[in-house]
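Written out below as structure tokens is the structure these notes cover.
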Amino acid sequence: MTDPVAFDVVSEGLAEVHRRLLPLRDGEVASYIPQLALADPDDFGIALVSMGGHRYEAGRSRTEFTVQSVSKPFVHALALSELGLDEMTRWVGNEPSGDAFNAISLEHGTGRPANPMINAGAIATTNLVPAASPGERSARILDTLSAFAGRRLTVDEDVYRSEAATGDRNRALAYLMHAAGSLRTDPVEAAEVYFRQCSVLVNTVDLAVMAGTLANGGVNPVTRERVVAEQVAVEVLSVMATCGMYDAAGDWLMRVGLPAKSGVSGGLTAASPARFGIACYSPPLDPTGSTVRGVVALRELSRRFGMHLMHHPAPGADTVTRVGAGGSGGTGTRVSSGRERVTADRDLLDRDGDRVVLVAARGEVDFPAAERLLHALASAVPLAPGWVVVDLERVTHVRPVAGLMLGNAFERISAAGHQVALVGAADQHWGGVAARHDSVEDALAWAEDALLYELRPLPR
Ligand code: GLN
């Protein structure tokens with residue numbers, strides 16, 4: 001037996017960041033909820049989950065802690081799924097408050113909280129989850145958090161009691177909202193449901209999978225279960241990007257560039273859309289209430305793995321693989337069906353063959369790829385009425401918006417007096433297409449034959 005080859009550079013990267021940041025001794029463990037003060041300041045876990053469901057971990061990534069404010073985006077997802085964005089926005093805003101997590105950020109007059117990531121907004125959001133009783137509401141929330149994590153979660157009753165015993169500020173927020181009409185349930189019960197949601201036990205891997213579910217368009221990357229609709233995931237990630245890090249949200253987006261959410265127990269989770277869910281846990285907090293080690297770790301990992309949202313993405317393979325024309329004077333490469341032709345016909349094709357053009361594309365055609373393809377078509381279409389062969393044989397998928405763009409272009413090309421011949425894309429029912437062929441050679445032969453028919457002198 002030989003040792004397995006060490007391929008796992010992702011785990012090595014996490015372990016290296018973990019080793020380097022463990023000696024960091026800054027920050028204070030939260031103590032305003034007495035039970036949280038018992039946390040070990042040296043607990044430090046990092047976890048990352050890919051969209052393929054692979055989990056990578058370093059340090060104490062399976063140590064449990066209460067989810068606290070990291071629950072907020074996931075309960076927001078539940079409320080959004082039930083109410084829809086417009087109704088949700090009537091009750092809770094989507095604006096970064098720039099205030100601390102426990103601030104009284106309520107709109108003048110309406111009492112509407114600024115966003116669902118601060119406590120006021122979260123208490124309101126929690127209590128918008130439809131349920132017949134507070135107990136049923138808590139159960140629905142626990143079910144949703146469990147689905148996001150991909151395993152059955154439980155409530156830490158000690159932390160719950162500890163927060164309930166000291167949670168007057170949150171009750172005060174609930175009372176203020178109730179007085180202003182922005183909270184319709186009983187304020188004391190509203191705060192209790194919120195305290196229970198904050199007291200759900202998770203570990204660092206759970207947090208990575210939860211953010212990974214949002215990054216994966218609402219489908220848990222490990223269990224493959226759809227937890228929320230893709231549109232809901234997009235909406236939640238948007239609020240996380242602008243409001244997830246409270247009064248440090250701007251600096252966070254600048255330095256880390258990922259939608260994220262932190263909590264006072266030391267949890268922090270971030271989503272790299274279509275790539276990763278990533279999380280940290282370490283109890284000592286900075287003055288804004290976010291984990292000190294976690295913030296530095298996310299900064300380093302975002303840089304190391306190139307995850308900043310505003311990065312120019314790596315260029316994909318070229319969409320347009322070939323632009324050409326028949327004849328000796330055409331632009332691009334010269335294309336021909338390769339058919340045997342008598343000398344007179346060959347001469348005609350040499351002279352006027354540039355009225356037959358070919359554009360070939362490959363891969364997934366989304367909006368930017370369609371833009372490139374249309375640009376190539378526009379430059380290739382001949383001046384005189386001609387034949388436009390479009391080879392989509394190696395196109396793997398046409399997004400709806402790209403399908404509309406291409407169909408529209410074919411109709412216009414045909415209205416301008418050209419014949420469009422298509423190879424591939426059999427599932428698309430575009431107007432403006434004069435012929436479909438099984439191969440590029442057949443399509444070009446069809447175009448050449450039609451051109452020759454027009455050019456040959458009439459028999460006498
Ligand atoms: N349960 C905590 C509170 O409401 C959550 C706050 C947080 O994690 N930022 O005070």
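The values are calculated or read from the model by the stated rules, or taken from the named source; none is laboratory data. Nothing here was measured: the structure is a model prediction, and the numbers come from that model. Cβ: placed from backbone, ideal geometry, glycine included. Neighbour counts: every protein chain shown. For the accessible areas, the whole protein counts, side chains as well, though only heavy atoms, and no ligand, DNA or RNA atoms are used. Shrake-Rupley method; radii C 1.70, N 1.55, O 1.52, S 1.80 Å.
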Quiz item: With +1 on each Lys and Arg Cβ and -1 on each Asp and Glu Cβ, how big is the dipole of the range 26-76 about its Cα centre, in debye rounded to the nearest 20?
Solution: 320 debye
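Can you give me the accessible area per residue for the range 200-358, using a 1.4 Å probe, in Å²? Working shown, then result.
Working: 6200 Å² over 159 residues.
Value returned for the range 200-358: 39 Å² of accessible area per residue.
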Quiz prompt | Between the range 249-305 and the range 310-367, the alpha-carbon center distance in angstrom | solution = 49 Å
Exercise. Evaluate E = 1/(1 + (r/R0)^6) for Leu24 and Asp86, where r is the Cβ-Cβ distance and R0 equals 60 Å; express this FRET efficiency to the nearest 0.05.
Key: 0.85
Practice problem: Per DSSP H run of n ≥ 4, the term is -39500 (n - 2.57); total these for the chain, divide by its residue number, and report the mean residue ellipticity at 222 nm rounded to 500 deg cm²/dmol. | Solution: -13000 deg cm²/dmol
Exercise. Could you run the Karplus curve 6.51 cos²θ - 1.76 cosθ + 1.60 with θ = phi - 60° over the range 394-410 and give me ³J(HN,Hα) per residue in whole Hz, x for Gly and Pro?
Key: 9, 7, 8, 7, 10, 5, x, 5, 5, x, 5, 5, 5, x, 4, 5, 5
Quiz item: Once phi is turned into θ = phi - 60°, what whole-Hz ³J(HN,Hα) does the Karplus curve with 6.51, -1.76 and 1.60 give for every residue of the range 290-305, x standing for Gly and Pro?
Solution: 10, 4, 5, 5, x, 5, 5, 4, 5, 4, 5, 5, 4, 5, 4, 9
Quiz item: Taking a probe of 1.4 Å, how large is the accessible area per residue of the range 101-189, in Å²?
Solution: 42 Å²
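Please label the shape of the range 270-332 as rounded, prolate or oblate, based on the square roots a ≥ b ≥ c of the eigenvalues of the alpha-carbon gyration tensor (a/c under 1.5 means rounded; beyond that, a/b larger than b/c means prolate, else oblate).
Details: a/c = 6.43, a/b = 5.18, b/c = 1.24.
Because a/c hits 1.5 or more and a/b exceeds b/c, the range 270-332 counts as prolate.
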Quiz item: Once Lys and Arg get +1 and Asp and Glu get -1 on their Cβ, which of Val209, Val264, Gly250 lies farthest toward the positive end of the dipole of the chain?
Solution: Gly250
Quiz item: Restricting attention to the range 158-240, which trypsin sites (Lys or Arg not before Pro) occupy a DSSP loop and are surrounded by at most 11 other Cβ atoms within 10 Å?
Solution: Arg224
Quiz item: What percentage of the solvent-accessible surface of the chain, computed with a 1.4 Å probe over protein heavy atoms, is contributed by carbon and sulfur atoms?
Solution: 54 percent
Self-check item: the range 294-374, relative contact order [Cα under 8 Å, separation at least 6], %
Solution: 33 percent
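Rounded to the nearest angstrom and ordered from largest down, what semi-axes does the equivalent ellipsoid of the chain get from its C-alpha gyration tensor (root of 5λ)?
Working: eigenvalues 700, 128, 58 Å².
Value: 59, 25, 17 Å, ordered largest first.
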Exercise. Among Val236, Pro34, Thr126, flag the residue with its Cα farthest along the positive direction of the charge dipole of the chain, charges on Cβ as +1 for Lys/Arg and -1 for Asp/Glu.
Key: Val236
